[in-house]
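Each remark here refers to the structure printed beneath this line.
The values are calculated or read from the model by the stated rules, or taken from the named source; none is laboratory data. Keep in mind that what you see is a predicted model, and the values were worked out from it rather than measured. FYI the Cβ positions are ideal-geometry reconstructions off the backbone, even for glycines, and counts take in every protein chain you see.
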Amino acid sequence: MTEITLAKSYSPIEHEKSILARWSQAGCFHAQPTDSGAPYSVFIPPPNVTAALHLGHALNNTLQDVLVRVARMRGMNAMWMPGTDHAGIATQTVVEKRLLMQGKRRTDFTREEFVAKVQDWKDEYESVILAQLREMGASCDEARTRFTMDPVCTAAVRESFFRLFADGLIERGKRLVNWDPASQTALSDDEVEMEEVDGFFWYLQYPLEDGSGHITVATTRPETMLGDSGIGINPRDPRAAALRGKRVRLPIVDRVIPIIEDDYVVMPVSLGGDPQDAKAQFASGFLKITPAHDANDWELGRRHELQVINIMAPDGSISDRHGWTDVSATAKQFVGLSREDARKAVVAWFKANGLLEAAKPYRHSVGHGSRSHVAVEPYLSDQWYVRVTDPRLSASALRAMDLQQYEGSIDAVPGAARDGDGGLKFFPARYAKTFQHWHEGIRDWCISRQLWWGHRIPVWSCSFDAAKVPSATAWTDRGAAEIRRTLPDGRIEVFVCPPESLDATLIPALNAAGFTQDPDVLDTWFSSALWPMSTLGWPNPNRFGMEGMLDTFNPSAVLSTAREIITLWVSRMVMFNRYFMNGRLPFRNVFIHCIVQDGFGQKMSKSLANGVDPRDIIATHGADAMRFVLTQMSTATQDVRLPVDVLCPFTQQAFQPKTITTESGHVVAAPTQVCPTDPTKQMVTAYGVSAGLVTATDSIPLARNTSSRFDLGRNFATKLWNASRFALSQLGTATTSAEPVVPISLPDRWIIARFCRMVTTIESALAEYQFNPIADALYDFVWRDFCDWYLEAIKPTVKNDPVQQAVLRAMMDGILRVMHPVMPFVTEVLWTAVRTVSTAPIRGLDLPASDLLAVARWPAPDRALNDSQAIESFQRVQTLVMAIRNVRGERQVHDRRRIVLHAPKEIMDIVAQGSGTVETLAGLDRAECSDGAARPVDAVPFPFQGCELLLSALVDAVDVGAERKRLEEIIVDRERKAAGFEGKLSNAGYLAKAKPEVIEETRRMLSQAQADLVAARRALEVLSAMV
RNA sequence: GGGCGCUUAGCUCAGCUGGCUAGAGCACUGCCCUUACAUGGCAGGUGUCACAGGUUCGAAUCCUGUAGCGCUCACCA
């Protein structure tokens, strides 16, 4: 037998690399569609390549890894697809910022040059991210790593775009988009964040055209008045009748615009408006309508056929070249101003001309670009849309919902029954509501982005004189899809989308015919939405050597992600997967994990740069410790707050960093910190570096982050390590045998029963995606049951008891298996050591051998081993031990001192049942049967379950005063308890309505308290007699 | 404004299909370097379960309301 000696404590850094290498060499995370076992696939929510991963990602990936590793150990064909996301606007913004620091702009380069620079950035961070995943032990199928712009994914983008285009689900539209004047691109609704801004309500007077007076409009955006094309009033407004048919002469511009009536217009409180409505409090009853610069006005304008006058350039400045033609001489002075300056100038003009009636301060929310942080402009432009409002998409997503989780009647949702209906389930269930409400209020999805980094839109367009337009089938006959529209000037614009397979012939033909490709790229979520299909080779897996992948691994088992992703991504994956895969779901379950916040309650995020690099925690605590604590922190309702410390690179001391408040109001670690023990030494923080504020140098190095929250995990790994060391030391003489043994002694039967229950607890928690109970079950079992009780109990016997050795060996083996998904490294290291020992197997507990723990079988103990009787008996033993220890503790009896228990027969039975456990764990020299008559002189009495027990040889002399005090405290305690139970039992309602077993339990508790009371009082009497 | 959460020990959090004396880790106190582990062992103190009502024999748990915090959707009249 090989003797493996283990170091005195577990050092993660010494083992993690070699364990990773062993897994990698074995290729045990690589799955083939032809492998045995039911498919269990998980798609990593591909992190974007803007920055490295933080602990929020670590949490998500740890939980996924737990799921995947358990599935793998259960013999399923587990495939975890890793990858990254190109994150169009975010990545482009990051790179542009970097260039700006060098004094360069995107437009200083050609599109190809710039994309190459972004590609470099992507390559750098992609490799960082993949390394992070590896280091945290994520058992991803690395060989299948994907990036959203890989050829296989691009092929899926082309195919899906073509089919949506051909099916009429993609359209070109002139609509108001969220326009980011800084990055000069359209944004989807999801990329807009609302920020509170201090502003004003300005009250502007517009004269009536007939000179009969004026009306007053209220606005927060006076500069848009240059584009006003109508004035709205509510038809119920008492002033409406008199104004019907009248027109207003727009100041500055001199444009004459109609007054229209619409229910949408809010009436002021003074005229019957709702006082609860903030709008009514500020409204004048007259609404200026600017269809080109306000989404609601756009709708109003359509209803009343108002002119659409765009007064801005793409950079947000006032412009007469983007649709504004009736620029008056007065208006000229405003052209060219920024929107901010224009606002001031317009207000000043109104004031100077006596038309500014009032200005009231007003705080309101304004949309800002989530990346650029400048105010988003509702801007009229031509964009591509996916008509997700079509029932083929949105209603299909609703019909996918689990019926138990759908609110209302699913029959009201349009669409015919299909595969996949009702198959989508959320954990925790409340998030189904988010999903449902989103789809019920869904709006068409703007998918074009005026960026260079991303999937270029595969549409070629050209406009023709009506007479020269090609025939409607000219391009469709050649295999392309086509849509066309008539422009305001009567020309016909033709849009052609070729399928990728015909690129070689159609693209040259299109170019030759004068068509040009759309310069824009697709919203990143378009390609993300295809992730569970595109990574498996859809539409044609064989083309990429992925035979069988799509049919085997789609749908996946579960998507694990964050709350806000439900609308951004989950929704789109469901719609697309179902649309393209004949109703099939991308995943059956959606698990929403909690959010990791920093010590100030702010979500860790790449953009705020307050995230902690998991590698920092791995460095100070080890990957297993990090994973265990993250698992334990994962609860269903509570986000995780994680105070972060900085680790001084000079002294290795952790300290609380000095903080600063950012412009956006966030509290973050200051970019530079001073060593707490040596003020001459400085360091930079991860925040400072990620935010681009500082760079690390040799003299001012980067300080890692750490957090004491992970100590628990590190200590637990060490505990497991040492328990294994001890177990191995006890098994040195063990002999192997093929004949299964049946454990007889109480501690053996008990620990196996507890093991069974722990496995059950873990399995039922996993089924509900509840991770915190998994960590707790492991911790309680390993530390409390196994180490504190079992190992201590068997110390005197195990070396000479082959059956007990078999139990010890089996428990050690079983523990490593169930711990492995959460703490894969330390368990894999110990596995090698434990496997060198072999004993007889335990009947009913099959633990088949395996070279690597990562692919060992998950334990499935026989139900017969879950021995309730053993658990109850051992519980009595534990209670007795704890009672004795309590006396020892209070009397401060030295640990090594052996004492004597004197107990009546019924208690001696418990001692006997324990087969030595009580003696060992309570530090008894012996236990003697006693009727209480013959009382040793130095005996200390204590009540236990209604009996009076005595302990002797505790001390050399009894301190009567202290003893009396102790007994009196017990009496007070038991009196209080007895009174409580008596109160319950004297309540007629309680006796009549409570469950019989509950009442019985109360009676038992009462009689025990009363008996304790009797015993303690008698002991007090005896004590008094001694004096 | 709509929706969804949260508020339990000094800190970070469990518990909530109503029922034993409300728990864990950390921190704290006392004792112990007992040959697995001081990243440890044994013992101990600590809570008006946010607040106010209600339902019930019984509420941390269910209902209503209030306050504070967070997330999310909508909102530039």
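Just to be sure, is residue A:946 of a type outside the set (Asp, Glu) and more than 15 Å from RNA strand B (Cβ to nearest atom)? Walk me through it before giving the result.
Values: of a type outside the set (Asp, Glu): yes; more than 15 Å from RNA strand B (Cβ to nearest atom): no.
No: the conditions fail for residue A:946.
I'm checking my understanding of the structure. Among residues of segment A:568-600 that are part of a loop (DSSP other than H, G, I, E, B) and more than 20 Å from residue A:526 (Cβ to Cβ), which one is farthest from RNA strand B (Cβ to nearest atom)? Let's see the steps before the verdict.
As a first pass, look at segment A:568-600 and keep what is part of a loop (DSSP other than H, G, I, E, B): A:581-586, A:593-595, A:599-600.
Cutting the leftovers down to more than 20 Å from residue A:526 (Cβ to Cβ) gives us A:582-583, A:593-595, A:599-600.
Details: A:582: 30, A:583: 26, A:593: 12, A:594: 7, A:595: 7, A:599: 8, A:600: 9 Å.
Only one residue tops the list, namely A:582.
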- Message: Any residue at all in segment A:305-313 that's closer than 27 Å to residue A:266 by Cβ and loosely packed, with under 13 Cβ neighbours inside 10 Å?
- Response: yes
- Considering only segment A:888-921, state which residues are near RNA strand B (Cβ under 9 Å from one of its atoms) and crowded, with 21+ Cβ neighbours inside 10 Å. A:921
- Does residue A:449 fit the bill of being within 44 Å of the chain's Cα centre (by Cα), of a type in the set (D, E, K, R) and under 28 Å from residue A:106 (Cβ atoms)? yes
- Note on the structure: When (1) at pLDDT below 90; (2) closer than 30 Å to residue A:65 by Cα; (3) not polar (S, T, N, Q) are applied to residue A:657, the one that fails is (2)
- Item | Top-ranked residue of segment A:51-65 - restricted to ones that are in contact with a Leu (Cβ under 8 Å, 6 or more places away or on another chain), assigned to a helix (DSSP H, G or I) and not hydroxyl-bearing (Ser, Thr, Tyr), ranked as surrounded by the fewest Cβ atoms within 10 Å (Cβ to Cβ) | A:63
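Which count do you get for residues in segment A:326-373 that are of a type in the set (Asp, Glu) and within 30 Å of residue A:608 (Cβ to Cβ)? Walk me through how you get there before you give the answer.
Pass one, segment A:326-373, residues of a type in the set (Asp, Glu): A:326, A:340-341, A:357.
With within 30 Å of residue A:608 (Cβ to Cβ) added as a condition, the list becomes A:340.
Total meeting the criteria: 1.
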- Item | Residue selected from segment A:525-567 under the condition farther than 28 Å from residue A:430 by Cβ and polar (S, T, N, Q), by the criterion nearest to RNA strand B (Cβ to nearest atom) | A:527
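Is it the case, given these coordinates, that residue A:791 is of a type outside the set (Asp, Glu), part of a helix (DSSP H, G or I), within 17 Å of residue A:70 (Cα to Cα) and at pLDDT 90 or above? Write out each step before concluding.
Values: of a type outside the set (Asp, Glu): yes; part of a helix (DSSP H, G or I): yes; within 17 Å of residue A:70 (Cα to Cα): no; at pLDDT 90 or above: yes.
So residue A:791 fails the test.
Going by the structure shown, is residue A:139 away from RNA strand B (no atom under 12 Å from the Cβ), over 20 Å from residue A:382 (Cβ atoms) and at pLDDT below 90?
Numbers: away from RNA strand B (no atom under 12 Å from the Cβ): yes; over 20 Å from residue A:382 (Cβ atoms): yes; at pLDDT below 90: no.
No.
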- Please work out which residue is surrounded by the fewest Cβ atoms within 10 Å (Cβ to Cβ), limiting yourself to segment A:20-48 and to residues that are closer than 15 Å to residue A:62 by Cα and either more than 24 Å from the chain's Cα centre (by Cα) or β-branched (Val, Ile, Thr) (or both). A:42
- Query: Of all the residues that make up segment A:685-728, how many are under 27 Å from residue A:822 (Cα atoms) and more than 32 Å from the chain's Cα centre (by Cα)?
  - Reply: 7
- Give me a count of the residues in segment A:795-812 that are surrounded by 20 or more Cβ atoms within 10 Å (Cβ to Cβ) and either within 21 Å of residue A:760 (Cα to Cα) or within 10 Å of RNA strand B (Cβ to nearest atom) (or both). 6
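Need at least 2 residues that are touching a residue at least 60 places away in the same chain (Cβ under 8 Å) and not assigned by TED's automatic domain parsing to the domain that holds residue A:789 per element, so show me which helices (runs of 4 or more DSSP H) inside segment A:919-1027 make the cut, counting only ones lying wholly within it. I'd like the intermediate steps shown before the answer.
Working: elements: A:960-985, A:988-993, A:996-1026.
Those helices (runs of 4 or more DSSP H) span A:960-985, A:996-1026.
Given A:197, A:157, which one is in the same structural domain as residue A:538 (by TED's automatic domain parsing), touching a His at 6+ places or on another chain (Cβ under 8 Å) and either of a type in the set (D, E, K, R) or touching a residue at least 24 places away in the same chain (Cβ under 8 Å) (or both)?
On the way: A:197 fails: in the same structural domain as residue A:538 (by TED's automatic domain parsing).
Going through A:197, A:157 in turn, the sole match is A:157.
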